[in-house]
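Taking it in order: structure first as structure tokens, then the write-up.
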Amino acid sequence: MDILKVSVFGITAVLMALILKGCRPEYSYYVSIAVCICIFLLVANKLELIIGYARKMQSFIQLDDAYMAMILKMIGVTYIAEFASNICKDSGYQTIAGQIELFAKLSILVLGMPVILGFMETIGELL
């Protein structure tokens, strides 16, 4: 029931940040960022489990290591960008959050380019 713990932790942090926002607004941002980092670390632990399962699945279907590494990098870029973007949005910096999201999208496109090129080569050979 980790989700219950994280939910209670998050709600408690929000209530504490709201209380602090009335007297010391800067502290509410610190509380928010600290809680985000704590939850992100919990997410990282779950990602380790997912990576273990992905490697196990890879052994079943004999997938090339390069493809699995690429998929895991894409997942990592997605989570890190979402985390950073949400902190920026929470702090009132939507423009910076948008730039982080744009950079993440372009990074994922660059990571996926070898697959796209391989697909194009396969289509070219068939024609």
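So the values come out like this:
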{"read-out": "With every protein chain in place, the chain: carbon and sulfur % of accessible area (1.4 Å)", "value": "73"}
{"read-out": "Value of relative contact order over the chain, rounded to a whole percent, pairs C-alpha under 8 Å and six or more apart", "value": "16"}
{"read-out": "Estimated distance in nm for a label pair at ILE96 and ILE51, the labels positioned 7 Å out from Cα along Cα-to-Cβ", "value": "2.8"}
{"read-out": "Degrees separating the helix 94-126 axis from the principal Cα axis of the chain, which is the longest one", "value": "10"}
{"read-out": "Cross-link partners of LYS89 among aspartates and glutamates (Cα-Cα below 14 Å; sequence separation of 8 or more within a chain)", "value": "GLU101"}
{"read-out": "On Cα atoms only, tilt of 25-61 relative to the major axis of the chain in degrees", "value": "30"}
{"read-out": "Degrees, to the nearest 10: 65-90 long Cα axis against longest axis of the chain", "value": "20"}
{"read-out": "Point-charge dipole on Cβ atoms (K/R +1, D/E -1) for the chain, about Cα centre, debye to 20", "value": "500"}
{"read-out": "Cα lying deepest toward the dipole's positive end in the chain, options PHE9, ILE96, ILE39, charges on Cβ", "value": "PHE9"}
{"read-out": "Which labelled figure in (i) 17.6, 47; (ii) 19.7, 69; (iii) 17.4, 52 is Rg and Dmax of the Cα atoms in Å, once derived from the coordinates", "value": "(ii)"}
{"read-out": "Cross-link partners of LYS5 among lysines (Cα-Cα below 16 Å; sequence separation of 8 or more within a chain)", "value": "LYS46"}
{"read-out": "Mean-position separation - Cα centroids, region 30-81 and region 86-122, in angstrom", "value": "16"}
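The values are calculated or read from the model by the stated rules, or taken from the named source; none is laboratory data. These figures come from a predicted structure and were not determined experimentally. Ideal geometry is used to build each Cβ from the backbone, glycine not excepted, and the neighbour counts take in all protein chains shown. Accessible surface is based on the protein model in full, side chains and every heavy atom, while ligands, DNA and RNA are left aside. Shrake-Rupley method; radii C 1.70, N 1.55, O 1.52, S 1.80 Å.
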